[in-house]
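Each remark here refers to the structure printed beneath this line.
The values are calculated or read from the model by the stated rules, or taken from the named source; none is laboratory data. Predicted, not measured: the structure shown is a model, and the values here were computed from it. Positions of Cβ are backbone-derived with ideal geometry, glycine not excepted, and every protein chain shown enters the neighbour counts.
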Amino acid sequence: MTNKTCVCSLVFTLVLLFAIWGNLFADDLTVSWNANTENDLAGYKVYFGTNSRNYDHTVDVGTDTIYTVTDLTPGFEYFFAVTAYDTAGNESSFSEEVSYFLAIPDTIPPTLISANLVTANQLRINFSEKIDQTTATNILNYQINNGIIVTSAVLDTNGQTVTLTTSSHGVGNYILTVNNITDQADPANVIAPNSQIEYSYTESTPFEITEIQVVDTSHIIVIFSRNLDIVSAEEIDNYDIIPSIPILEANLDVDEHSVHLFTGTHDAGQYALVVSNIQDQSQPPQTIDPRTTMIYQMPDLV
């Protein structure tokens, strides 16, 4: 047989095999090709390296048509070619070249970067990398202290941001605890158990009476700027009407920021409602300024 000019029908298949022994950051690549059909075929040589058509390594594999290169270093692109040689020692030219970029394995779990309230009922969380949608949208993977309840979790199209819908936050500091969130690696990396991040909510609206609505001569509705603590809101001793009108009952409305005051009978005229010791739903709660006052008019309803 004279010098071969090519190896006929060389077809390559590359398979990445994770090395489960030795260096954690070493990988194996397997290269295979179709057999040459010439009668005087003696074997094949596999050439490989990190530069195209300039190979650092050569291995004589005999008549095998598959070879596994071991302990390669991730982070490089490896190039492969095969030659055939005959019984007289003549060697063909290189086959077509194939290459494979050996990615560095992702062994780093996701972490929490930030948590910020968009509104009193929406918390936006940012993770260090793209995360798995199934774990990201499972509300059981999120817990917030101070009695805040998570009702939904939506993963943004960027793959790293989750928006939680929650029960209403009051002014104060909070801790978000996250579990079971995984990234998109294969195999997936899991966030550290009980990962936590602190955030706070600062109520920009002053704590005050915003309006008094007259229902009738013995019923007024006092509307506050914040959601109220029910115990302090329904304590009649926290309200005083001048000139003196007795407070008989105080009921917090379902909207949680309006109080229905049932009183003695008003005559037509001007009155001052004085409020003290009312607390909001912040954690810890904030108390309205002592003797917060609003003037209201009682029309002649007779």
First in the stretch 161-185 and farther than 16 Å from Q283 by Cβ, second anywhere and among the charged types (D, E, K, R) and outside any loop (DSSP other than H, G, I, E, B), Cβ under 9 Å, 6 or more apart: T161/R124; V162/R124; T163/R124; L164/R124
Evaluation of T70 against (1) out of contact with any Ser or Thr (no Cβ under 9 Å at 6 or more places or on another chain); (2) closer than 22 Å to N36 by Cα; (3) not in a loop (DSSP other than H, G, I, E, B) (one fails), failing number: (2)
Strands (runs of 3 or more DSSP E) (entirely within the stretch 150-214) containing at least 2 residues that are surrounded by fewer than 15 Cβ atoms within 10 Å (Cβ to Cβ) and under 12 Å from the mean Cα position of the chain (by Cα): none
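Rundown of residues vs (1) surrounded by 16 or more Cβ atoms within 10 Å (Cβ to Cβ); (2) of a type in the set (A, V, I, L, M, F, W, C); (3) assigned to a loop (DSSP other than H, G, I, E, B), yes/no style:
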residue	(1), (2), (3)
Y47	yes, no, no
A84	yes, yes, no
A88	no, yes, yes
S99	no, no, no
Residue among A185, A233 that alone is of a type outside the set (D, E) and either at positive phi or out of contact with any Phe, Trp or Tyr (no Cβ under 9 Å at 6 or more places or on another chain) (or both): A185
Answer residue from the stretch 239-284, given it is among the hydroxyl-bearing types (S, T, Y) and not in a loop (DSSP other than H, G, I, E, B) and is farthest from E208 (Cα to Cα) among those: T263
Residue match in the stretch 202-216 (condition: of a type outside the set (D, E) and over 30 Å from I245 (Cβ atoms)): yes
Residues that are in contact with a strand residue (DSSP E or B) (Cβ under 7 Å, 6 or more places away or on another chain) and either part of a loop (DSSP other than H, G, I, E, B) or not assigned by TED's automatic domain parsing to the domain that holds V222 (or both), drawn from the stretch 285-294: P285, Q286, I288, R291
Any hit, the stretch 204-227, residues being closer than 30 Å to I148 by Cβ, out of contact with any Ser or Thr (no Cβ under 6 Å at 6 or more places or on another chain) and free of Cβ contacts under 8 Å to residues at least 12 places away in the same chain: yes
